[in-house]
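Engineer: Structure incoming, see below.
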Amino acid sequence: MTRPDPEKDRKQQIINLTIAGIAGQVGCLTLIIVLVAVIGGIWLDARLETRPWFTLGLLVLSVPISLAVMFYVVRAATAKIKPVPPKAKKPALEEASLGDDT
């Protein structure tokens, strides 16, 4: 039974943590946007006596705003991820000895 490569495990762990971090940011931002829309709508409805209209309007408006913020955060986070250059493979012993037959 072969043991998994610890370097590959480490890279996968870093990728998983990065994805989890991005998902956490997006989830928190979405929650904040929706809560601000609801609280702002309730406040405006109370001030202008238009009971559900501002709350519903701002809640519906918060959906495309949260989608745009999600898209922006994910694009910004993925732009910061730099691919790891592949390591140069050492030539096999047979390949190195082929050039010596002259």
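Engineer: Kindly state, to the nearest 0.05, the FRET efficiency for Ile42 paired with Ala76, given R0 = 41 Å and r defined as their beta-carbon distance.
Structural biologist: FRET efficiency, Ile42 to Ala76: 0.85.
Engineer: I would also like to ask the following. May I ask you to compute the full-extension gain from Arg10 to Ile65, defined as 0.36 nm times their residue separation minus their alpha-carbon distance, rounded to one decimal in nm?
Structural biologist: 16.2 nm
We did not get these values from a lab; they are worked out from the coordinates using the rules stated. Since we're looking at a predicted model, the values are computed, not measured. Positions of Cβ are generated from backbone atoms using ideal geometry, with glycine treated the same way; all protein chains shown enter the neighbour counts.
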